[in-house]
Amino acid sequence: AFRGTREAVTEMLSGYLDDVSAIEGTNPVVDVGCGRGEWLQLLADSGIDAYGCDINQVVVDRCQALGLDVRLADAVDHLAAIEPGTVRAVTSFHVAEHLSLDTLVALIDSALLALQPGGSLILETPNPNNHQVGAATFYLDPTHLKPLHPLFLEFLVRSRGFDEVEVRELHGPGFEPLLPTDLGGDPARTTPFVTALNDAFASSLDYAVIARKPGSAFGPA
């Protein structure tokens, strides 16, 4: 109900096509917790081999009715069971915040094993640095466990063996940030307050951690 329309979600996810297209080879993309399948549809329309897995039978059935390849499976178990080094990218949008720390670590570890050298892990999650998200809208979903600070998720992914880790801020709040002159008075005095307000309320609503498995698909790992 609160994620947005299919059209809006498709538009938000479209920017990741360039990330996946830049990865060498034609191994499949595995989308973890694929939900309504917007990302899988984008990949299919772009001619990129991909399939999804989800533990919710309802969304699996709905995706399959759309002609998408989606399997009813636990993501950690599935990634651990496939042949190592045979996946182009593992993607997961707004799933990490639903997982316990142990499960999140297991997901990252199993993704690293499944990915080809040079393959990518993409995790998108709400940004708790935006106070409206961290203190309010995050809790619209009762299955969310806890917000994940971007510095922590970056550290976690890097510590499990990924490199070239990027934290990408996404989806602005829909209004322009304040300027020091908006508060009146001396800008030298108002700038620190404006900066703090912008960091708290004008920062991105979501962020992604995009990380690379060391090595190259066409060279030594």
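The values are calculated or read from the model by the stated rules, or taken from the named source; none is laboratory data. In this text the structure is predicted, and so the values were computed from the model without any measurement. Cβ atoms come from the backbone with ideal geometry, glycine included; neighbour counts cover every protein chain shown. What goes into the accessible areas is simple: the full protein's heavy atoms, side chains included, and nothing from ligands, DNA or RNA. Shrake-Rupley method; radii C 1.70, N 1.55, O 1.52, S 1.80 Å.
Is there a residue in the stretch 133-149 that is among the polar types (S, T, N, Q), exposed (fewer than 15 other Cβ atoms within 10 Å of the Cβ) and in contact with a helix residue (DSSP H, G or I) (Cβ under 7 Å, 6 or more places away or on another chain)?
yes
Say whether the condition of being crowded, with 16+ Cβ neighbours inside 10 Å, more than 16 Å from the chain's Cα centre (by Cα) and over 15 Å from Phe2 (Cα atoms) is met by at least one residue in the stretch 118-126.
Yes - at least one qualifying residue is present in the stretch 118-126.
I'm trying to understand the selection: among the residues of the stretch 31-44, which are open to solvent by 30 Å² or more (accessible area, probe 1.4 Å) and small (Gly, Ala, Ser)?
Ala44, the sole residue that qualifies.
Return the pairs, sorted by first residue and then second, in which the second residue is open to solvent by less than 10 Å² (accessible area, probe 1.4 Å) and part of a loop (DSSP other than H, G, I, E, B), the first residue lies in the stretch 11-34 and is farther than 15 Å from Leu115 by Cα, the beta carbons are less than 8 Å apart, and the residues are 6+ apart or on different chains.
none
Any residue at all in the stretch 22-31 that is within 13 Å of His94 (Cβ to Cβ) and either modelled with pLDDT of 95 or more or assigned to a helix (DSSP H, G or I) (or both)?
yes
Tally the residues that are open to solvent by 60 Å² or more (accessible area, probe 1.4 Å) and part of a strand (DSSP E or B), restricting the search to the stretch 45-86.
The total comes to 2.
Is it the case that some residue within the stretch 173-188 is surrounded by 15 or more Cβ atoms within 10 Å (Cβ to Cβ), more than 27 Å from the chain's Cα centre (by Cα), assigned to a helix (DSSP H, G or I) and hydroxyl-bearing (Ser, Thr, Tyr)?
no
Which one is surrounded by the most Cβ atoms within 10 Å (Cβ to Cβ), of the residues in the stretch 154-166 that are assigned to a helix (DSSP H, G or I) and touching a helix residue (DSSP H, G or I) at 6+ places or on another chain (Cβ under 7 Å)?
Val157
Is it the case that Leu205 is out of contact with any Phe, Trp or Tyr (no Cβ under 7 Å at 6 or more places or on another chain), at pLDDT 90 or above and closer than 20 Å to Ala75 by Cα?
no
Being open to solvent by less than 50 Å² (accessible area, probe 1.4 Å) and closer than 25 Å to Asp19 by Cα is the requirement here; does Leu113 meet it?
Spelling it out, it is not the case that Leu113 is open to solvent by less than 50 Å² (accessible area, probe 1.4 Å) and closer than 25 Å to Asp19 by Cα.
Please work out which residue is farthest from Leu13 (Cα to Cα), limiting yourself to the stretch 189-218 and to residues that are open to solvent by less than 60 Å² (accessible area, probe 1.4 Å) and among the hydroxyl-bearing types (Ser, Thr, Tyr).
The extreme case among them is Thr190.
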